[in-house]
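Engineer: Sharing a structure below in structure tokens format, with a few things to ask.
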Amino acid sequence: FDLGLLSDKIYMNLVIGIAIAIFAEINFSLLTPFILSEFNYTTEQIAIFMSTLATVDIVCRFASPFIGDYFKQPARIMYMYALFMLIIMRTSLMFATSFNGIIFVGFGMGLAKGVRQVYMSCIVPSYIPLERLPAASGIQMVANGVVLLSLGSSIGMLKH
């Protein structure tokens, strides 16, 4: 590891932010069917919601580079837009009262997840020089693991 990267405040901010975003994404994705079942949606409706979300996510992964190129925005800005959209859509999930509203939220979440996934992979390489990129990617993976392991058990304790 190139531990000199740890003194770069911008890089550390990126790594910690991405690690927390990955943690939030994994936990929310795992808990979404349970949240919807508590809102008294049937298993079929939950499956339609999850399928809609996944389909839009995959389509947007293909379309995201073209969207970013059209708006001529760097990876960090596109990632930020996707995170803001995810926040809005996840909050909207609590307030949607009809099945059509839930499907609209699933469409929005899929759109944001697709854009987020594409640009998350581009943030660190767009900031770090090529010769330091392997070390930067390694530190990012370690940070992701540390955040997932240290905070993951806290989600389990919330239910009890």
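Engineer: So, of the residues in region 31-47 that are of a type outside the set (Phe, Trp, Tyr) and surrounded by 16 or more Cβ atoms within 10 Å (Cβ to Cβ), which turns out to be nearest to ASN100 (Cα to Cα)? So that I can check it myself, show each step before the final result.
Structural biologist: We begin by selecting, within region 31-47, every residue of a type outside the set (Phe, Trp, Tyr); these are 31-33, 35-38, 40, 42-47.
Those left that are additionally surrounded by 16 or more Cβ atoms within 10 Å (Cβ to Cβ): 32, 36, 45-46.
Working: THR32: 17, LEU36: 13, GLN45: 10, ILE46: 12 Å.
Restricting to residues being of a type outside the set (Phe, Trp, Tyr) and surrounded by 16 or more Cβ atoms within 10 Å (Cβ to Cβ), the top hit is GLN45.
Engineer: Looking at region 136-147, which of its residues are open to solvent by 60 Å² or more (accessible area, probe 1.4 Å) and more than 30 Å from ASP69 (Cα to Cα)? I'd like the intermediate steps shown before the answer.
Structural biologist: Just the residues of region 136-147 that are open to solvent by 60 Å² or more (accessible area, probe 1.4 Å), to begin with: 141-142, 146.
VAL142, VAL146, listed by residue number.
Engineer: Do we find that SER153 is exposed (fewer than 14 other Cβ atoms within 10 Å of the Cβ), out of contact with any Pro (no Cβ under 6 Å at 6 or more places or on another chain), of a type in the set (S, T, N, Q) and closer than 27 Å to GLU38 by Cβ in this structure? Outline the logic, then answer.
Structural biologist: Details: exposed (fewer than 14 other Cβ atoms within 10 Å of the Cβ): yes; out of contact with any Pro (no Cβ under 6 Å at 6 or more places or on another chain): yes; of a type in the set (S, T, N, Q): yes; closer than 27 Å to GLU38 by Cβ: yes.
Yes: the conditions hold for SER153.
Engineer: Then there's this: With respect to ALA143, determine if the residue is in contact (Cβ under 8 Å) with a residue 60 or more places away in the chain, touching a Leu at 6+ places or on another chain (Cβ under 6 Å) and of a type in the set (A, V, I, L, M).
Structural biologist: Numbers: in contact (Cβ under 8 Å) with a residue 60 or more places away in the chain: yes; touching a Leu at 6+ places or on another chain (Cβ under 6 Å): no; of a type in the set (A, V, I, L, M): yes.
So ALA143 fails the test.
Engineer: Sticking with this structure for a sec: Consider ARG90 carefully, then state whether it is open to solvent by 80 Å² or more (accessible area, probe 1.4 Å), under 25 Å from ILE20 (Cβ atoms) and in a helix (DSSP H, G or I). Walk me through how you get there before you give the answer.
Structural biologist: Numbers: open to solvent by 80 Å² or more (accessible area, probe 1.4 Å): no; under 25 Å from ILE20 (Cβ atoms): yes; in a helix (DSSP H, G or I): yes.
So ARG90 fails the test.
Engineer: Of the residues TYR119, TYR70, only one is farther than 19 Å from LEU31 by Cβ, in contact with a Phe, Trp or Tyr (Cβ under 6 Å, 6 or more places away or on another chain) and hydroxyl-bearing (Ser, Thr, Tyr); which? First the steps, then the outcome.
Structural biologist: On the way: TYR70 fails: in contact with a Phe, Trp or Tyr (Cβ under 6 Å, 6 or more places away or on another chain).
Result of the check over TYR119, TYR70: TYR119.
Engineer: Could you count how many residues in region 48-86 are more than 12 Å from LEU111 (Cα to Cα), of a type in the set (Lys, Arg) and assigned to a helix (DSSP H, G or I)?
Structural biologist: Residues flagged as more than 12 Å from LEU111 (Cα to Cα), of a type in the set (Lys, Arg) and assigned to a helix (DSSP H, G or I) within region 48-86 amount to 1.
Engineer: How many of the residues making up region 107-135 are surrounded by fewer than 17 Cβ atoms within 10 Å (Cβ to Cβ) and without any contact (Cβ under 8 Å) to a residue 40 or more places away in the chain?
Structural biologist: 7
The values are calculated or read from the model by the stated rules, or taken from the named source; none is laboratory data. Because the structure is a prediction, the values reported are computed rather than measured. When we count neighbours, we look across all protein chains shown, and the Cβ atoms used for this are built from the backbone with ideal geometry, even at glycine. Please note that ligands, DNA and RNA were not included when accessible areas were found on the heavy atoms of the full protein model with its side chains. Shrake-Rupley method; radii C 1.70, N 1.55, O 1.52, S 1.80 Å.
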